[in-house]
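The structure appears below as structure tokens.
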Amino acid sequence: MMTLATFTVANSLQAAGRGPALPFRVALADGRQLSMQRLLRVLPGKRLVGEAELEGSRVLAKLFVGRRCKKHWQQERAGLEALLLAGVPTPELVAAMPMAGGGYALLTTFLDPAESVVESWAHVAGRQPGDGEALAIVGPVMAMLGRLHAAGLVQEDLHLGNFLFHEGQLFVVDGDAVRVISRGQALTPSRASANLAVLLAQLPAEWDGQAALLSSYAVGAGRALLDVPALHEQIARVRAWRLQDFLSKTVRDCTLFAVERSATRFSVVRRQEAEPLASVLASPDGAISAGVALKDGGTCTVVRAVIGGRVLLIKRYNLKSLSHALGRAWRPSRAWHSWREAHRLQFLGIPTPAPLALIEERLGPLRRRAWLVSEFCPGTNLLSHLSADREPSEEVGRAILNLFESMHKARISHGDMKATNLLWYSGRVLLIDLDAVVQHRSPVAHARAWQRDRARLLRNWPAGSRLQRWLDDRLPGT
């Protein structure tokens, strides 16, 4: 029989960080024992959320253990109660009380099976705007948000992960971020629009003009938004803020990323990849030696490596000479830049192989060699895939235009638009070799950079060829 670790005081859970041994047990103030079986989310030293057992029943347990834990526990309870009073579907509250050794617990029914809207959306995220299956996922969320606003409530931490599908019904979770603005009275249009913009900004920009989304919201809210242009301006501002916030997380220790730093080394890895990539993080050159070389130049070494049964691409940025090393020492490495820009592209829905880990050699503030680990894309580059004397197929042509229209709309330039840096794979054209990618703030600077990218792309094929004419006629001009 398994022995459960017992954390009798909140300090024990605070000190356990991200990885308390499972299963563990805590005593509630009424004498009952809660057994935590599986952790779903951990905010180190603050909060633990997971699947637990109480008197033989499965519950979702939120344990509040950090500073100001009582305040957050009270907010969570008040938010759930506000949802229930408004008739908004949310998991039933089972218990909310202090723990015997400090801290607070809030327990709700465990919805099983359940799928978050984030998970549901991942299956259809690449669909065209207005796709029926995609609308069947986000439409109910818009209607649910409308119901919240009609009841005078807002969700201040509004994201798709706070909505769950369970047995055909949509539930709202995370009461901690629910605020009562005007109980029983609809929000003002400006307040409702601001909250709605936060949710819409999490969808691809191509969906911004979808009237069906606003129609779904209006059904739930009982009224339509009047100032749609102002809503679109708010969406753009929220999307820009979210992007910068996300990029800052890609190089610091947080829920999504694990960072290790010392005087001689910096590394960051997607947290879910930390264990599978442990050997690469420990010895990137060892992984390169065991891989198949794709390029071995003076400034860059690229290999295809099989790690734990997965095919990955590992890129090492070399230092050719002392002068080259001195010139690079004070600047972010090209691996750092590529890591950041790959995440930018993925955030914006622009296809590129997933970045998994970044490693830099350092000497205090000085940077030396660096490595970038990414998913390997087995696609064919467009120089090989396309023929100069033929137009691309309808599927390939649409993917090419979608890529460049998305880049152009986001004011992104590549800086080295060789056709070998464009890969056709699984119905998409993916952008690789991101060392010189820039997202421009200035429309004028972007226009100049785009013209260079456009001209370089067209030079991949003979002047006047059928393919070049097809591209020249259809690519954004300025």
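The values are calculated or read from the model by the stated rules, or taken from the named source; none is laboratory data. Everything numeric here is computed off the predicted structure, so don't read it as measured data. For neighbour counting, all protein chains shown are included, and Cβ atoms are generated from backbone atoms with ideal geometry for every residue, glycine included.
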Residue selected from region 464-478 under the condition surrounded by fewer than 12 Cβ atoms within 10 Å (Cβ to Cβ) and under 34 Å from the mean Cα position of the chain (by Cα), by the criterion farthest from residue 412 (Cα to Cα): 477
The lone exception for residue 424 - which of (1) in contact with a Gly (Cβ under 9 Å, 6 or more places away or on another chain); (2) part of a helix (DSSP H, G or I) it fails: (2)
Of the criteria (1) closer than 21 Å to residue 339 by Cα; (2) out of contact with any helix residue (DSSP H, G or I) (no Cβ under 6 Å at 6 or more places or on another chain); (3) part of a helix (DSSP H, G or I), which one residue 415 fails: (3)
Whichever residue in region 59-81 is small (Gly, Ala, Ser) and either in contact with a Phe, Trp or Tyr (Cβ under 8 Å, 6 or more places away or on another chain) or under 24 Å from residue 113 (Cα atoms) (or both) and, among such residues, is surrounded by the fewest Cβ atoms within 10 Å (Cβ to Cβ): 79
Count of region 156-178 residues which are in contact with a strand residue (DSSP E or B) (Cβ under 7 Å, 6 or more places away or on another chain) and assigned to a strand (DSSP E or B): 7
Subset of region 274-322 (residues that are closer than 21 Å to residue 362 by Cα, at pLDDT below 95 and part of a loop (DSSP other than H, G, I, E, B)): 298, 299, 318, 319, 320, 321
Out of 445, 449, 410, 436, sole residue that is within 25 Å of residue 332 (Cα to Cα) and in contact with a Gly (Cβ under 6 Å, 6 or more places away or on another chain): 436
Only listed residue being part of a helix (DSSP H, G or I), over 26 Å from the mean Cα position of the chain (by Cα) and farther than 29 Å from residue 19 by Cβ, chosen from 182, 190: 190
Residue 366, sole failed condition from (1) crowded, with 18+ Cβ neighbours inside 10 Å; (2) of a type outside the set (Ser, Thr, Tyr); (3) assigned by TED's automatic domain parsing to the domain that holds residue 264: (1)
Evaluation of residue 461 against (1) in a helix (DSSP H, G or I); (2) buried (at least 16 other Cβ atoms within 10 Å of the Cβ); (3) not hydroxyl-bearing (Ser, Thr, Tyr) (one fails), failing number: (1)
Test for residue 84: is it touching a Ser or Thr at 6+ places or on another chain (Cβ under 9 Å), surrounded by fewer than 19 Cβ atoms within 10 Å (Cβ to Cβ) and in a helix (DSSP H, G or I): yes
Extreme residue, surrounded by the most Cβ atoms within 10 Å (Cβ to Cβ), among residues of region 437-458 that are of a type in the set (Gly, Ala, Ser) and without any contact (Cβ under 8 Å) to a residue 24 or more places away in the chain: 445
Selection status of residue 47, within 13 Å of residue 104 (Cα to Cα) and over 23 Å from the mean Cα position of the chain (by Cα): no
Yes/no for residue 192 being surrounded by fewer than 17 Cβ atoms within 10 Å (Cβ to Cβ) and not charged (D, E, K, R): no
Residue within region 196-205 that is polar (S, T, N, Q) and under 22 Å from the mean Cα position of the chain (by Cα) present: yes
Residues being in contact with a strand residue (DSSP E or B) (Cβ under 7 Å, 6 or more places away or on another chain) and surrounded by 19 or more Cβ atoms within 10 Å (Cβ to Cβ) - total across region 335-354: 12
Any pair with Cβ under 8 angstrom, 6 or more apart, that starts in region 407-421 at a residue that is touching a residue at least 12 places away in the same chain (Cβ under 8 Å) and ends at one that is assigned to a loop (DSSP other than H, G, I, E, B) and among the β-branched types (Val, Ile, Thr): 407/350; 410/350; 412/350; 412/437; 413/437; 414/437; 415/437; 421/432
Pairs with Cβ under 6 Å, 6+ apart, first in region 31-58 and exposed (fewer than 14 other Cβ atoms within 10 Å of the Cβ), second in a strand (DSSP E or B): 38/50; 38/51; 40/49; 40/50; 41/49
Count of region 217-255 residues which are part of a loop (DSSP other than H, G, I, E, B) and charged (D, E, K, R): 4
Residues satisfying the stated conditions in region 139-155, i.e. in a loop (DSSP other than H, G, I, E, B) and surrounded by fewer than 21 Cβ atoms within 10 Å (Cβ to Cβ): 152
